[in-house]
Amino acid sequence: MAVREDFIVHPSELASELSKLSTLETPTLLDVRWRLAGPPGRDDYTAGHLPGAVFLDLDADLCGPPGKGGRHPLPDPDDLQRVLRAAGVRAGHPVVVYDLGDGVPAARAWWTLRWAGHESVRVLDGGFPAWVAAGLPVTAELPEPEPGDFTVRPGGMPVLDAAQAGRLASEGVLVDVRAAPRYRGEVEPIDPVAGHIPGAVNLPTTDHVEADGRLRDADALRSRFAEVGVDDGVRVGAYCGSGVTAAHTVLALNLAGRTDAALYVGSWSEWITDPDRPVA
C-alpha cells in the first residue's frame, strides 16, 4: 500500500530538509501557483515564495496548447524536459511542488513529473499558506538554479484516452471529480456542452480535503472512494473539465493505496469535441 510520505510533505518536514547543508539531500522546489480564471500565479511568486523555489506556469510550462486534446493536454516531452532542466530538476533528486493551498495545480505538477518518469515528487500539504502559517521564511529574491539533467521518459503514470475512459465507465469506476451540478448537467460555466460521460460516478475532489485544504488521511480517503465502488481489484480512473482537478483525485487515490489510478488527461473538454461521443 502507498505510504503517505511518498507523495506529501508537511511544512515543518520540508523546512528540516531544506536546512541540510548538502545540496544532494535538499529537494528542488517548484512554485506552481495558478488560478483557472487568473490573475497569473507569477504575480504571487514575485511578491514572495519559498527560498530557492522556481516558478513554473501550469498552462505554458506543464501542459500542451489547448485544442482537440482538451484545455490542458499532455506537454510535448522535449518541451517539458527543457522547462524542467531550466528549473534545476535533476535525475534521482527529490522535487517538492506547492500552490495556493488547494493542492490542485500542485497535484497536476506532481502527476506530470511522475508521468515524465521522475519517481521522487511530493506535494507540500497546504501549499504556500501552510508554509507562511508555520512562520517559515519567504523571500522575493529570484534564484538562479543550476541547470538540471532530468530526462523525460513518458509513461510513468497510467493515462486514459477518450475510448479507454468510455470503456472504464462501464467496466470499472470512472470518477467525475467536478462539482455535482456540472456532473448533472445543470450548469456548465466553462465548456460548450453540459453533462458527463455515461456510466461515470460523481465524487468531487473537494471531498478529499479538510477545511484548511489539506488532504484527508488514507483511511478516510479509502472509505470515501469505497462509497462509489472503488474496491480492491476494480480498475479506477478520474476525469474533470480539463485534467487538472482530476489529477488531485489521482493523488488522493495514490494516498489511499491505488497507485494504479489512471488520469483521463483530455477529460470533458476533449470528450465533447467529438459529437459521436455520448453525453449523459
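Side notes on the structure shown:
- Gyration tensor verdict on segment 139-182 (Cα atoms; rounded if a/c is under 1.5, prolate if a/b is larger than b/c, oblate otherwise): oblate
- Residue among PRO27, PRO137, PRO192 with the largest mean-square fluctuation in a Gaussian network model of the chain, springs linking Cα atoms under 10 Å: PRO192
- Sites ALA15 and GLU227, calculated FRET efficiency, Cβ-Cβ separation with R0 45 Å, nearest 0.05: 0.80
- Rounded if a/c under 1.5, otherwise prolate or oblate - segment 159-271, Cα gyration tensor axes: oblate
- Proximal charge balance of ASP102 [Cβ under 12 Å; K/R count +1, D/E count -1]: 0
- Percentage relative contact order, segment 4-133, counting C-alpha pairs under 8 Å, at least six apart: 31 percent
- Three-way shape call for segment 1-150 based on the alpha-carbon gyration tensor, with the a/c threshold at 1.5: rounded
- Fluctuation leader among ASP102, ASP57, ASP31 - the chain, Gaussian network, Cα springs under 10 angstrom: ASP57
- For the chain, calculated [θ]222 nm from helices alone, where every DSSP H run of n ≥ 4 adds -39500 (n - 2.57): -8500 deg cm²/dmol
- Relative contact order (%) - criterion: Cα under 8 Å, at least six apart; region: the chain: 22 percent
- DSSP finds beta bridges in the chain, and of those with both partners inside it, around 10 percent are antiparallel.
- Its relative contact order, with pairs defined as Cα atoms under 8 Å and 6+ residues apart, puts segment 205-280 at 30 percent.
- Highest-MSF residue in the chain out of VAL234, VAL95, VAL159 [GNM, Cα springs under 10 Å]: VAL234
Each value in this text was obtained by applying a stated rule to the coordinates, not by laboratory testing. Bear in mind the structure is a predicted one, so any value in this text is a computation, not a measurement. Glycine also receives a Cβ, built like all others from the backbone with ideal geometry; neighbour counts cover every protein chain displayed.
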